[in-house]
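Colleague: One structure is given below, represented as structure tokens, and several questions about it will come after.
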Amino acid sequence: MSKPTPISGFPEWTPAQRMIEQFVLDRIRATFELYGCAPLETRSVEPLDQLLRKGETSKEVYLLRRLQADADGPAGDDALGLHFDLTVPFARYVLENAGKLQFPFRRYQIQKVWRGERPQEGRYREFLQADIDIVDRDTLPAHYEAEMPLVIGDALRSLPIPPVRIQVNNRKICEGFYRGIGLTDTEAALRAVDKLDKIGPAGVTELLASTAGASDAQAKAVLSLAEISAPDASFADAVRGLGVSDPLLDEGVAELAAVVETAAAHAPGLCVADLRIARGLDYYTGTVYETQMVGYERFGSICSGGRYDNLASSGNVRFPGVGISIGVTRLLGLLFGAEALSVSRSVPTCVLVAVTAEEDRAASDAVAAALRSRGVPTEVSPSAAKFGKQIRYAERRGIPYVWFPGADGDEVKDIRSGDQVAASAGEWMPPRADLKPLVGPAGTGA
């Protein structure tokens, strides 16, 4: 077999990086469960008409089909796509299982998603997301929108990563403001503002004119709103200072103020009201979130989401919700690229049991079994080489302890310090810090 060519946009981590990823997932999962969210996993594919129902995503969807069509196969196989996020499949799941769920329904979901983007640093075509959503039947109180940043703030603070800042806005502010200045195609205006960081004010002005029919004065007003940012509820005064009046605008200002004030009470500095945040997907109707890591702002958001009222509905019954998603692969890809994270060893193994002779391997296996039964990750030496060679094998793999079975009693050696003591496999335990690999910022000795 010739050397394979890597496929860009489909990351494959090293074992050490994978251990860091699993550590991160465990911390995120634990935080989600602390907030009462139940785990959920949905299928990888959805009907295309559902995937394309909201937002400008058709160019990003991967189709799923067999190489050879089967006329007698299941109908509809040629109209399936891989999900590009976890919100659309979650909405479908709620509709299909509403009779079995207790509302408000709190769930978290950690799965791969696929998106046909141009691969670049921090952006992939296959990546892992960690979502949390809360949905209710018919109505969803606005206080849940204030809860989302608290969950994400706690989850990300539990990780050995740089501090994060959650930028929040409310679609009602934007839509109400646009109506107040006479723009009727508010969705087109929102999509234009969402591109502000990419194309700049001049580009947004042109886009507002061509897609939303905005005059120069209206475009200037839109950009003035987008420039407002504050770490507290003082943003509301800046909005009122623009002299635009609309009931929806007032409602959005009140809701966003509650989000910012709640976050400030929980974790000062976590949230900032930033009225340029729009989010490109059309299904958002209230608060929207984007999250940046300090020092990595140029790469954009690593965690985003928002309030949606109309994504899931059946007849006269609606299931409004609010959710936020951590781009786990994006987050880790940026940190791996900067060599900003490390793990104390590249294998889970804590103890290597030496083999004195091949005919005595059963005794080493018995020691390993006893240690494993007590939760100590253990492997047995691959060969009965000289002890020095077995120790070097452990050193290369980062295994901190080597166990020496003996006829007159066993001994265990910490090969980092050289300390060697008598030990019993039924009683000995390593220090807690050595039991599992430690993950931390690079240079901390983790």
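Colleague: Filter the range 255-269 for residues that are at negative phi, of a type in the set (Gly, Ala, Ser) and touching a residue at least 12 places away in the same chain (Cβ under 8 Å); which is surrounded by the fewest Cβ atoms within 10 Å (Cβ to Cβ)?
Modeller: For the range 255-269, the residue satisfying everything is ALA267.
Colleague: Looking at the range 413-446, which of its residues are in a loop (DSSP other than H, G, I, E, B), over 27 Å from the mean Cα position of the chain (by Cα) and of a type in the set (Val, Ile, Thr)? Quick ask: steps written out before the conclusion?
Modeller: Applying the first criterion (in a loop (DSSP other than H, G, I, E, B)) to the range 413-446 yields 415-419, 424-431, 436-438, 442-446.
Going one step further and asking which of them are over 27 Å from the mean Cα position of the chain (by Cα), we end up with 415-419, 424-431.
Answer for the range 413-446, where residues must be in a loop (DSSP other than H, G, I, E, B), over 27 Å from the mean Cα position of the chain (by Cα) and of a type in the set (Val, Ile, Thr): just ILE415.
Colleague: Is it the case that LEU311 is outside any strand (DSSP E or B), open to solvent by less than 10 Å² (accessible area, probe 1.4 Å) and farther than 28 Å from LEU438 by Cα?
Modeller: Taking the combined requirement at face value, the residue satisfies it.
Colleague: Look through the range 398-430, keep the residues that are of a type in the set (D, E, K, R) and open to solvent by less than 70 Å² (accessible area, probe 1.4 Å), and return whichever of them is farthest from SER344 (Cα to Cα).
Modeller: ASP410
Colleague: If you take just the helices (runs of 4 or more DSSP H) that sit entirely in the range 195-286, which of them hold at least 3 residues that are farther than 21 Å from GLY300 by Cβ and in contact with a Gly (Cβ under 9 Å, 6 or more places away or on another chain)?
Modeller: 247-266
Colleague: If you don't mind, there's one more thing I want to ask. Looking at the structure I just gave you, is PRO382 open to solvent by 70 Å² or more (accessible area, probe 1.4 Å) and touching a residue at least 40 places away in the same chain (Cβ under 8 Å)?
Modeller: No: the conditions fail for PRO382.
Colleague: Okay, next question. Could you grab me the full set of residues in the range 314-362 that are buried (at least 18 other Cβ atoms within 10 Å of the Cβ), of a type in the set (A, V, I, L, M) and in a helix (DSSP H, G or I)?
Modeller: VAL328, LEU331, LEU332, LEU334, LEU335
Colleague: Taking the range 17-39 as the search range and keeping residues that are in contact with an Asp or Glu (Cβ under 9 Å, 6 or more places away or on another chain) and part of a loop (DSSP other than H, G, I, E, B), which one is surrounded by the fewest Cβ atoms within 10 Å (Cβ to Cβ)?
Modeller: TYR35
Colleague: Among the numbered criteria (1) buried (at least 20 other Cβ atoms within 10 Å of the Cβ); (2) touching an Asp or Glu at 6+ places or on another chain (Cβ under 7 Å), which one does GLU187 miss?
Modeller: Among (1) buried (at least 20 other Cβ atoms within 10 Å of the Cβ); (2) touching an Asp or Glu at 6+ places or on another chain (Cβ under 7 Å), GLU187 violates only (1).
The values are calculated or read from the model by the stated rules, or taken from the named source; none is laboratory data. The structure presented is a predicted model; accordingly, all values stated were derived computationally and were not measured. In this analysis, Cβ positions are derived from the backbone assuming ideal geometry, glycine residues included, and neighbour counts consider all displayed protein chains. Ligands, DNA and RNA are excluded from the accessible area calculation, which covers all protein heavy atoms including side chains. Shrake-Rupley method; radii C 1.70, N 1.55, O 1.52, S 1.80 Å.
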